[in-house]
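Asks: Got a structure for you, questions after.
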Amino acid sequence: MRLKALLFTGVIAFASTVAMAQSWVVDSVEMGSGYANDVFYSLKNGAAGTASNTNWHIAFQTTPQGPYGHVSIFANHTHGVDVYSLHLGAAANFATLSAADTIGKTGSAHQLFNSDSSWNFGALNKMNNPANAFDYSWGFYDQQTHKVVGDSLYLLMINDGTTTTAYKLWVKEYVSTPIDSIHWLFRIANFDGSEDTTLKIYRSPNFTDRLFAYYDVVNQTVLDREPSRSAWDILFTRYKEYIPGAPGSPYYSVTGVLSNFDVTVAEKVNMGPDDTVGFVSYPYSDIIGTIGSDWKTFNMTTFQYELEDSTYYFIKTKNTNEYYQLQFTGFNSANGRIIFGKRYLGAYNPLNVTDLNQALVAYKLVPNPAGNNVNVLVDSKEKMDNTMLIVTDISGRIAFRSSVNVKSGLNAYSINTSGLASGTYVVNLTNGSWKATEKLVVQH
């Protein structure tokens, strides 16, 4: 019963913070002429960092493989990077690649683009087989070695504003274990074979709390250009947005806002600034482009941008566990200045449940950090059979797996952690239609 008492206290605390919600605060960011900079922004603390978005060409995902990430490779499309798959084995064809091997494989119909919905699907991940969970397009996951191994040959066309240079790229592998040796291995060269380079990018120590490690192909430089993942909620950036039904290529360069991992957003239109009734239960989306670019439109008569003044965004942060309301009020394309109002609505007690309509009331790990044992406490509205309790390390490898039956009311399950090495793990409870997750720290 102590768990329910704590939950009730949390509800009272939440209602109190909502009642004391702050007034609107006006803020702005400036991306510069030509939108040359990315701005990482914390709704609680303001701008967390600004970085040039013109000095990189490809980016390798460095979030842990498993619940919070995959092995995604993004391309910098808005600054001259086009990506094509040559549908050739890299080991057999990298050294001998010729112009004849590219015939019929380039052009807008064959170009690969980053997803504007998820950080887990970059341009080099877009040809995966959705039915195969181990297919990441550029490579396949090996269950024995815990590596993702690639043999796909890609063509990069990089335009610096005056000339276009072709490069051939082979992402050879992603090594996921041991934790201090997680790294990417890739080979890249000019199309004629010159400047043939094989490079490793290690996750530790520079990229353990970043979304991506970035690579400047022209200058052969690895870049650390992000603030910590825990320091920002949304990113003001220039990117390619998918617009179905548009003439020509359905991907257009836009200036907009993308969300950090685990930041969810509800978009509400035709409402007043104080209409916040029900915002806690709005259908929040984890699509990173939910805010996107459509908070503004370009008027072809006045040649001015117009803002949607009755559109509001409700944002649930992960880093600070808070709700915010956001409205865009100004946009200057000359200097990339975006003006907006934000309002703090209240804190929340995260349940780490992916489906807000599922049956769990609470899901907690006690104690956390844990020594030799941890209790998984589950408060459920209904009985649920065939539920799996799974513990993985941060690289996604399963350390514990057991089938459990969840009864209506308070449930408790004990996990022996004495055999687990000290470190961070993820405890998942799922029955296939929903999943609850919580990070667990083991300390011996």
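Asks: If a/c stays under 1.5 just call it rounded; otherwise compare a/b with b/c (prolate if a/b is bigger, oblate if not). Do that for the range 48-166, with a ≥ b ≥ c from the square roots of the Cα gyration tensor eigenvalues.
Replies: Cα axes put the range 48-166 in the oblate bin.
Asks: Estimate the FRET efficiency between Met388 and Ala231 by the formula 1/(1 + (r/R0)^6), using the beta-carbon distance for r and 45 Å for R0, to the nearest 0.05.
Replies: Taking R0 as 45 Å, the efficiency between Met388 and Ala231 is 0.85.
Asks: Figure the gain on full extension for Thr198 and Met127 (residue separation times 0.36 nm, minus the Cα-Cα span) and round it to one decimal in nm.
Replies: Here the segment from Thr198 to Met127 would lengthen by 23.2 nm.
Asks: Could you order the peptides 209-221, 90-102 from most to least packed, using the average number of other C-beta atoms within 10 Å per residue?
Replies: 209-221, 90-102
Asks: Let me ask something additional. For Trp24 and Ser285, what is the calculated FRET efficiency with R₀ set at 30 Å and r taken between the beta-carbons, to the nearest 0.05?
Replies: It comes out at approximately 0.80.
Asks: Here's a follow-up. From largest to smallest, what semi-axes in whole angstrom does the chain give when each is the square root of 5 times an eigenvalue of its alpha carbon gyration tensor?
Replies: 38, 31, 18
Asks: Given Cα pairs under 8 Å that are at least 6 residues apart, what percent is the relative contact order of the chain?
Replies: Averaging sequence separation for qualifying contacts and normalising by length gives 15 percent for the chain.
Asks: In what sequence, highest mean first, do 152-161, 255-264, 25-34 appear when ranked by Cβ atoms within 10 angstrom?
Replies: 255-264, 152-161, 25-34
Asks: How many nm separate the modelled label positions at Asn270 and Ala47, each set 7 Å beyond the Cα in the direction of the Cβ?
Replies: With each label placed 7 Å out from Cα toward Cβ, I get 3.7 nm.
Asks: Sticking with this one: Cut-off under 18 Å on the C-alpha distance; same-chain residues fewer than 8 positions from Lys44 excluded. Which lysines are left, in chain and number order?
Replies: Hits, sequence-local ones excluded: Lys316, Lys318, Lys342.
Asks: Return the equivalent ellipsoid semi-axes of the range 359-444 as a descending list in whole Å, where each equals the square root of 5 times an eigenvalue of the C-alpha gyration tensor.
Replies: They are 22, 13, 10 Å, listed largest first.
Asks: Using a 1.4 angstrom probe on heavy atoms only, work out the carbon and sulfur share of the accessible area of the chain in %.
Replies: Summing carbon and sulfur atoms, their accessible area is 52 percent of the total for the chain.
Asks: Another question, if that's okay. Once the Cβ-Cβ distance between Phe298 and Asn206 is put in as r, and R0 is 35 Å, what FRET efficiency do you end up with, to the nearest 0.05?
Replies: In this case the efficiency is close to 0.35.
Asks: Also, I was wondering about something else. Which value, in Å², gives the accessible area per residue of the chain when a 1.4 Å probe is used on the protein heavy atoms?
Replies: 45
Asks: Modelled label-to-label distance, Phe261 and Ala109, 7 Å Cα→beta-carbon offset: nm?
Replies: 3.8
Asks: Okay, moving on. Placing +1 at every Lys and Arg Cβ and -1 at every Asp and Glu Cβ, with all other atoms neutral, what dipole size does the chain have around its Cα centre, in debye to the nearest 20?
Replies: 1120
Asks: On a straight-distance basis, which lysines could pair with Lys126 in a cross-link, Cα separation under 24 angstrom, same-chain partners fewer than 8 positions away excluded?
Replies: Those lysines meeting the cut-off are Lys105, Lys147, Lys168, Lys172, Lys200, Lys240.
Asks: Would you compute, from DSSP H runs of 4+ residues alone, the mean residue ellipticity of the chain at 222 nm, taking -39500 (n - 2.57) per run and dividing by the full residue count, rounded to the nearest 500?
Replies: The helix-only estimate for the chain comes to -1500 deg cm²/dmol at 222 nm.
Asks: For the range 226-317, what does the convex hull of the Cα positions come to per residue, in cubic angstrom?
Replies: 136
The values are calculated or read from the model by the stated rules, or taken from the named source; none is laboratory data. Everything quoted here is computed from the prediction, not taken from an experiment. Quick reminder, even Gly has a Cβ in these numbers, built from the backbone with ideal geometry, and neighbours come from all protein chains shown. Remember, those area values only see protein heavy atoms, side chains included, never the ligands or the DNA or RNA. Shrake-Rupley method; radii C 1.70, N 1.55, O 1.52, S 1.80 Å.
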